[in-house]
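The values are calculated or read from the model by the stated rules, or taken from the named source; none is laboratory data. Because the structure is predicted, anything quoted here is derived from the model rather than measured. Every residue, glycine as well, gets a Cβ built from its backbone with ideal geometry; the counts of neighbours run over all protein chains shown.
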There are 2 protein chains.
Amino acid sequence: MDFSSKLLENAVNEVAQLPGIGRRTALRLVLHLLKQPKEQTHYLTEALMRFRNEIKLCKNCHNISDVELCEICTNKKRDASVICVVEDIRDVMAIESTAQFRGLYHVLGGKISPIEGIGPQNLTIESLLNKVVSGSVKEIIFALSPTMEGDTTNFYIYRQIEKYAIKVSTIARGISVGDELEYADEVTLGRSIINRIPFENSLKA
Amino acid sequence: MDFSSKLLENAVNEVAQLPGIGRRTALRLVLHLLKQPKEQTHYLTEALMRFRNEIKLCKNCHNISDVELCEICTNKKRDASVICVVEDIRDVMAIESTAQFRGLYHVLGGKISPIEGIGPQNLTIESLLNKVVSGSVKEIIFALSPTMEGDTTNFYIYRQIEKYAIKVSTIARGISVGDELEYADEVTLGRSIINRIPFENSLKA
């Protein structure tokens, strides 16, 4: 692309660095800003800069937070002895929106992935182990995506906590509610038979 | 969506105002910035603010430019008596990349669209008429998208310049190079027969 303006070119180049946004889309977004009042660009950039510079991670669960300890960790009504291990804040938001979990979270910040160069030391695994060692934890629930990386991460952590007398579980894998059985993949369907649940349980929630 | 952080929520809300970007995508983009060095967010916001605050429109053709008169308008090798009327800078870039046009452009800044509340007074039509009245123009080429709004805009301008002794043309409408004839729509195919061209011309470019 050949730009008539350096300012435009710079803006497009920067926006195009965001994941999933190509140069054509970036150009469309940037030209959109030009048609809006200057304030919109001001608010947008201000919000991004403040977010990037001032955001904190909760000291306890490593979730994104505006304060030292997040709302979930400071909530006295929640059960601090049950910890749900998730990849990032989006998973916390997804599980919170189900209103089915009343324990605390532990945000790993990613999954072990040799291909992307992410090892255990890049995640908050040590902080999770410290919680287990301290004896305050009764149950750990793994809620990582059921992918190769997710399973690897689960297993890595499991090997280090199995010697402690705590319950370790993973979220159920099975056929999604509303899915047609014939289109389910074999692995999922196979596991859903092995890990079948008492019928009464399927009536809950 | 329920956010644990006001800073995050603000950033997502602002990004989600961009066209074609929903709140889920906005969240993904914003969290991406968090994983990158702070400098990236700084460069991004700086580029957007500078673009929005410092960008100029060329005094002659109304194209986006860093200076008063754009590179195309100041290029002595280009034919100032032929003016190609386009909607916005993206069309200028598209036509320039073909290297088939050596005249100047006139950027309207949109198309007449009563539904979107865009009337002739919102576009740079008057400035185009001034050029025609001044007598320096020999040919006007309409290069708006062949949509209802594009055709309306073409016709509106045409009615005001037809009394002047200048050539008025539109870019050819027909079957795209490489397209299968059977999949072409009837209107396009019909017009491509009515406006058939001498065979020798199809051998060019």
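Of everything listed in (1) part of a loop (DSSP other than H, G, I, E, B); (2) modelled with pLDDT under 85; (3) over 23 Å from B:Ser81 (Cβ atoms), the single unmet condition for B:Lys204 is (3). Take the residues in the range A:24-52 that are over 19 Å from B:Ile55 (Cα atoms) and in contact with a helix residue (DSSP H, G or I) (Cβ under 7 Å, 6 or more places away or on another chain); name whichever of them is surrounded by the fewest Cβ atoms within 10 Å (Cβ to Cβ). My answer is A:Arg50. The selection criterion, being more than 25 Å from the chain's Cα centre (by Cα), under 22 Å from B:Gly22 (Cβ atoms), among the aliphatic types (A, V, I, L, M) and modelled with pLDDT under 95, does not hold for A:Leu7. Taking every residue in the range B:4-28 that is in contact (Cβ under 8 Å) with a residue 12 or more places away in the chain and more than 9 Å from chain A (Cβ to nearest Cβ) and pairing it with any residue that is of a type in the set (S, T, N, Q) and surrounded by fewer than 21 Cβ atoms within 10 Å (Cβ to Cβ), at least 6 positions away or on another chain, the pairs with Cβ-Cβ distances below 9 Å are B:Arg23/B:Asn13; B:Ala26/B:Asn13; B:Ala26/B:Gln17. Within the range A:111-130, being among the small types (Gly, Ala, Ser), touching a residue at least 12 places away in the same chain (Cβ under 8 Å) and either over 20 Å from A:Val92 (Cα atoms) or surrounded by 17 or more Cβ atoms within 10 Å (Cβ to Cβ) (or both) holds for one residue alone: A:Ser113. Checked across the range A:92-104, the condition of being out of contact with any strand residue (DSSP E or B) (no Cβ under 9 Å at 6 or more places or on another chain) and farther than 26 Å from B:Leu8 by Cβ holds for no residue. For the range B:58-69, a tally of residues being closer than 13 Å to A:Leu8 by Cα and either surrounded by 18 or more Cβ atoms within 10 Å (Cβ to Cβ) or within 7 Å of chain A (Cβ to nearest Cβ) (or both) returns 4.
Residues checked against (1) assigned by TED's automatic domain parsing to the domain that holds A:Asn130; (2) assigned to a loop (DSSP other than H, G, I, E, B); (3) at pLDDT below 95:
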site: A:Gly20; (1), (2), (3): no, yes, yes
site: A:His32; (1), (2), (3): no, no, yes
site: A:Leu44; (1), (2), (3): no, no, no
site: A:Val67; (1), (2), (3): no, yes, yes
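Scanning the range B:75-101 for residues that are free of Cβ contacts under 8 Å to residues at least 24 places away in the same chain, closer than 17 Å to B:Phe142 by Cβ and of a type in the set (Gly, Ala, Ser) returns a single hit, B:Ala94. Among the candidates A:Ser136, A:Ser176, the residue that is loosely packed, with under 14 Cβ neighbours inside 10 Å, in contact with a strand residue (DSSP E or B) (Cβ under 7 Å, 6 or more places away or on another chain) and not β-branched (Val, Ile, Thr) is uniquely A:Ser136.
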